[in-house]
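Colleague: Submitted below is the structure of interest, expressed as structure tokens.
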Amino acid sequence: MTIRLGFGAIFALLIAAVIFCAVRGIKSGKRIGRAVGWVNFATIIPLIGNLIIIGSTIKEIAIVGCYLYYIGMDMVMASMVFFTSVYCKGIGNGQQRPTVMYVILGVDAVQLLLNTIFGHAFTIEPVDVHGYVYYRMIPFWGQNIHRIIDYGVFFCVMLIFIIAIIKTVKLYRERYSIVLLGMLIIAFWQTFYIFSRTPVDRSMIGYGVFGLLVYYLALHYRPLRLLDRLLSDIVSNMNEALFVYDAYGRCLWMNETGSRLLDLKNDDTENVPAGLKKMFGDREYTKEEWSENKILGSGEDARYYTIENHNVNEDKKHLAGSYLVVRDNTEEKRRLKSELYKSTHDSLTGLYTKQYLYQCISVLLHEDRETEYSIVFVDVKNFKIVNDVFGSDFGDLALMQISEWLSTNVNEKCRYGRIAGDTFGVLIPTEKLKADRQKVEDELLNFTVSSNGLEHRLLIHIGVYEVDDRDMDVSVMFDRAHLALSAITGNYKEHIACYDKDMRKKVVWDQQITAGLSEAISKHQIMPYLQPITNRSGKVIGAEALARWIHPQNGFMSPAVFIPILEKNGLIVEVDRHIWRCACEILSSWKKQGNDMFISINISPKNFYYIDVVSEIKALVEEYDIEPKKLRIEITETVMMNDAQEKFKLLDELRNDGFIVEMDDFGSGYSSLNLLKDMPVDVLKIDMKFLSSSDNDEKARTIIRNIIQLSEDLHITSLTEGVETVEQYSELSQIGCKLFQGYYFAKPLPRKEFEEYAFPRAS
């Protein structure tokens with residue numbers, strides 16, 4: 001009775017403990033936790049089976065316990081296979097595939113159940129132990145197969161753990177070894193039970209304990225000694241110097257980096273305080289946590305350190321010790337300084353970059369309110385030619401020489417840098433700039449770059465803006481200094497120009513013109529004025545459409561006031577298109593009234609870059625149903641200065657469609673005669689400036705006479721513009737000019753006045 005009660009109690013306690021571990025493992029949510037849980041759940045079944053066998057005095061009940069025991073062992077082996085596949089994952093040449101083992105164990109469980117029918121696996125017999133009846137199993141061939149399968153699977157699992165111990169790192173080798181040792185003990189204990197044929201299977205205690213061991217090792221065990229050794233190795237070889245102190249401030253240990261820092265031996269911890277004091281200065285040991293930065297040396301040889309003290313507490317009230325970390329940040333500081341320099345300095349010249357220059361100027365202007373400053377914009381004219389002719393290396397040399405020149409003309413109150421490719425910026429005290437102005441002019445007069453026998457004089461212009469509003473954006477200041485360059489004339493001795501209020505007025509005016517253009521066109525404030533064109537008899541046969549702006553505030557505005565602005569920003573295209581449409585509207589109206597006249601419209605050189613001139617003009621003629629020859633196309637020779645052949649094709653296309661092409665200001669340039677032999681034009685408009693000089697009247701008459709004769713020989717109609725006197729009209733008529741235009745006949749007129757002048761009967 002003692003054996004039955006004793007082992008029953010042991011098995012009951014093991015079952016309770018294994019159930020607890022199984023539930024905790026499953027609830028952990030980890031994959032290894034689930035594997036541990038299944039090992040423990042599987043172990044419960046053979047434990048219950050043995051508990052039934054031990055406690056039963058009835059054969060039928062005992063045999064039920066045997067089935068639970070043997071089939072439960074198949075389940076234990078299956079759970080061990082699953083646990084091993086998870087716990088030893090990654091060990092070996094590939095992923096474990098335990099499916100075959102699961103199938104074999106399942107088949108074995110089935111054949112054990114069939115023992116109820118065939119009786120081929122086992123039976124039980126009663127034995128007397130100390131006067132009490134126990135039931136002992138008598139094995140047959142089916143039971144032997146069961147043992148072979150379970151032992152085979154068990155040894156496969158142990159083999160995997162042996163491989164894991166050989167191949168894994170130190171950190172995991174210890175726990176794999178403990179699991180393997182536990183399996184070996186169970187294997188020997190189980191074998192002893194089989195051969196001893198005792199009625200109580202004591203080896204099941206080993207399975208229960210093994211379940212508890214697996215739970216602890218997989219989920220809670222930490223190899224503290226090994227971890228301590230690994231952490232010690234890591235700390236010893238770390239880049240930071242580490243010094244460990246006890247609660248009383250005595251140095252207990254330092255790593256290799258610390259010993260090298262203080263030039264001490266590893267075990268010479270007594271001299272650590274003196275070494276730290278010598279290197280970083282005296283600091284009383286304290287229990288408070290602190291950190292500070294130290295710089296040793298100066299300039300390029302300076303070294304940078306961060307020192308931190310940290311406490312280690314046994315609990316909230318008691319200090320266990322502390323550790324001091326000394327980090328050498330020198331290389332990182334140098335790298336950051338290098339990156340900062342690269343981000344704030346131009347790579348070629350070493351000067352400040354645009355963004356950093358603006359930032360430095362803004363700071364200085366707000367910090368130094370006493371000094372009057374000026375912004376200087378330095379521009380190298382036609383620098384692209386330098387690169388194209390002499391090469392980029394020579395161009396780089398020129399830029400570096402300019403930067404060196406800037407450096408020699410500044411003082412500590414100046415800030416200067418490279419704004420863009422060939423432009424530089426400087427903030428300089430106004431007093432110094434005025435004192436050095438003549439010196440700078442003289443230096444710029446012969447600023448020459450020489451290299452390997454090559455020599456080139458650079459043309460450098462300087463725009464100056466005297467800072468009168470320190471809160472203004474620095475970029476706007478440089479814009480004003482840049483704007484000052486527009487005041488420099490063609491005088492080669494003039495290199496410096498200053499921004500003034502007139503320039504600002506011009507900028508504001510330009511902005512007003514640009515901003516008001518759209519409304520001016522939509523409300524017909526911009527309109528065509530028609531200047532009459534007459535024949536030899538003085539009859540008006542056509543007109544030239546000229547843009548005029550009747551401004552609601554500024555009144556009548558001469559084209560000289562707004563046309564150059566719009567030419568510069570490209571908006572002249574919108575004005576031209578508006579005038580073309582107005583001209584077509586007038587021609588359409590004249591056609592309905594039976595008035596047979598033409599209107600010449602001007603084509604700006606920029607029109608060809610922004611729109612399809614030919615398509616637009618054709619579309620207008622078609623829209624207003626007028627003859628193409630009534631809308632004459634007037635161009636200047638400057639249109640032909642670029643892409644002449646392409647422009648010739650466009651003019652040919654217009655002429656083929658019936659348009660008449662006029663060349664305006666013939667003779668005002670230098671390439672007209674060269675182009676005339678190829679240029680597809682029908683009318684030459686001769687500039688009267690040939691007669692503007694009384695000293696050369698005879699030469700001028702000879703030139704005009706030959707141009708008119710040349711046009712007749714080329715079958716081109718001649719038209720002289722700018723005729724202001726009866727003498728000019730008479731003389732031009734005598735030498736063969738066919739058409740005339742000028743103030744002698746009429747100035748440009750609004751449409752109504754023109755119609756009254758040209759169609760007196762109709763008026």
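Colleague: Among DSSP beta bridges lying fully in the chain, give the percent that are antiparallel, nearest 5.
Modeller: Bridges in the chain that DSSP calls antiparallel: roughly 75 percent.
Colleague: Full-extension gain between residue 339 and residue 196, please, as 0.36 nm times their residue separation minus the C-alpha to C-alpha distance.
Modeller: 43.4 nm
Colleague: A follow-up question, please. Can you give me the C-alpha center-to-center distance between region 1-62 and region 528-603, rounded to a whole angstrom?
Modeller: What the calculation gives is 110 Å, centre to centre.
Colleague: Another question about this same structure. Of the cross-linked pairs 506/747; 699/738; 523/568, which ones have a Cα-Cα span greater than 25 Å in the structure shown?
Modeller: Where the Cα-Cα span goes over 25 Å, the pairs concerned are 506/747.
Colleague: What value in Å³ per residue do you get for the convex hull of the alpha-carbon atoms in region 545-659?
Modeller: So the per-residue hull volume is 113 Å³.
Colleague: Shifting gears a bit: Suppose every K and R has +1 on its Cβ and every D and E has -1 on its Cβ; what is the size of the dipole of region 1-93 about the Cα centre, in Debye to the nearest 20? Numbers along the way, then the final one.
Modeller: On the way: 8 positive and 2 negative charges, 87 e Å.
About 420 debye.
Colleague: Distance cut-off 27 Å, Cα to Cα: go down the list 384/413; 27/59; 278/342; 606/629; 591/647; 381/432 and report the pairs above it.
Modeller: 384/413; 27/59; 278/342; 591/647
Colleague: Still on this structure, I have one more. Measuring from the lowest to the highest alpha carbon on each principal axis, how far does region 412-464 reach, largest first, in angstroms?
Modeller: Each principal axis gives a Cα extent; for region 412-464 these are 39, 25, 20 Å.
Colleague: At 1.4 Å probe size, with no ligands or nucleic acids counted, give the accessible surface of residue 714 in Å², nearest ten.
Modeller: 80 Å²
Colleague: Separate question: For region 270-371, what is the charge dipole size about the Cα centre, in debye to the nearest 20, if Lys and Arg each add +1 at the Cβ and Asp and Glu each add -1 at the Cβ?
Modeller: Magnitude of the dipole: close to 160 debye.
Colleague: Here is a further query. Please find the FRET efficiency linking residue 436 to residue 568, where r is the Cβ-Cβ separation and R0 is fixed at 45 Å, and quote it to the nearest 0.05.
Modeller: For R0 = 45 Å, the calculated efficiency reads 0.85.
Colleague: What is the magnitude of the charge dipole of the chain about its Cα centre, with +1 placed on the Cβ of each Lys and Arg, -1 on the Cβ of each Asp and Glu, and no other charges, expressed in debye to the nearest 20?
Modeller: Dipole about the Cα centre, nearest 20: 4520 debye.
Colleague: Here's a follow-up. How big is Rg to Rh over region 476-533, alpha-carbon atoms, Rh as the Kirkwood inverse-mean-distance radius?
Modeller: With Rg and the Kirkwood Rh in hand, the quotient comes to 1.20.
Colleague: Could you tell me the ratio Rg/Rh of the chain? Both radii from Cα atoms, Rh via Kirkwood.
Modeller: 1.36
Colleague: At what distance in nm do the modelled label points of residue 717 and residue 648 sit from each other, each positioned 7 Å from its Cα along Cα→Cβ?
Modeller: With each label placed 7 Å out from Cα toward Cβ, I get 2.4 nm.
Colleague: Additional query: Chymotrypsin sites (Phe, Trp or Tyr not before Pro) within region 244-353: which are DSSP loop residues with at most 16 other Cβ atoms inside 10 Å?
Modeller: Within region 244-353, the qualifying chymotrypsin sites (Phe, Trp or Tyr not before Pro) (loop, at most 16 other Cβ atoms within 10 Å) are 248, 285.
Colleague: Straight-line reach from residue 30: which lysines fall under 21 Å, measuring Cα to Cα and dropping same-chain residues less than 8 apart?
Modeller: 89
Colleague: Rounded to whole Å, give me the distance from the Cα center of region 314-390 to that of region 126-140.
Modeller: When both Cα centres are located, 93 Å separates them.
Colleague: For region 267-344, with equal point scatterers placed on the C-alpha atoms only and solvent neglected, what are the log10 I(q)/I(0) values from the Debye formula at q = 0.24 1/Å, to two decimals?
Modeller: Computed log10 I(q)/I(0) values: -1.19.
Colleague: What share of all Cα pairs of region 288-386, in percent, falls into each consecutive 5 Å distance bin?
Modeller: Once binned at 5 Å, the Cα pair distances of region 288-386 give 2, 9, 11, 11, 11, 11, 11, 9, 7, 5, 5, 3, 2, 1, 1, 1.
Colleague: Can you give me the distance in nm between label points at residue 701 and residue 313, each placed 7 Å from the Cα along the Cα-to-Cβ direction?
Modeller: It is 11.5 nm.
Colleague: Shape verdict for region 340-440, please, from the Cα gyration tensor: rounded (a/c under 1.5), prolate (a/b greater than b/c) or oblate.
Modeller: Here region 340-440 falls in the oblate category.
Colleague: Classify region 1-50 as rounded, prolate or oblate, taking a ≥ b ≥ c as the square roots of the eigenvalues of its Cα gyration tensor: rounded when a/c is under 1.5, otherwise prolate if a/b is larger than b/c and oblate if not.
Modeller: Here region 1-50 falls in the prolate category.
Colleague: Output needed for region 50-174: three equivalent-ellipsoid semi-axes, defined as square roots of 5 times the C-alpha gyration tensor eigenvalues, in descending order, whole Å.
Modeller: Values: eigenvalues 254, 57, 23 Å².
In descending order, the three semi-axes are 36, 17, 11 Å.
Colleague: Follow-up. Just grab the label-to-label distance for residue 89 and residue 239, each label 7 Å out from Cα along the Cβ direction, in nm (one decimal).
Modeller: For the pair residue 89/residue 239, the computed spacing is 3.4 nm.
Colleague: Still on this structure: Please work out whether region 434-528 counts as rounded, prolate or oblate from its C-alpha gyration tensor, where a ≥ b ≥ c are the square roots of the eigenvalues and a/c under 1.5 means rounded, while otherwise a/b larger than b/c means prolate and anything else oblate?
Modeller: Prolate, since a/c reaches 1.5 and a/b exceeds b/c.
Colleague: Once all Cα-Cα distances of region 595-671 are split into 10 Å bins that start at 0, what whole-number percent is in each one?
Modeller: Result, from short to long distances: 17, 54, 25, 4 percent.
The values are calculated or read from the model by the stated rules, or taken from the named source; none is laboratory data. Remember, predicted model here, so these are calculated numbers, not experimental data. FYI the Cβ positions are ideal-geometry reconstructions off the backbone, even for glycines, and counts take in every protein chain you see. Side chains included, ligands, DNA and RNA excluded: accessible areas come from the protein's heavy atoms. Shrake-Rupley method; radii C 1.70, N 1.55, O 1.52, S 1.80 Å.
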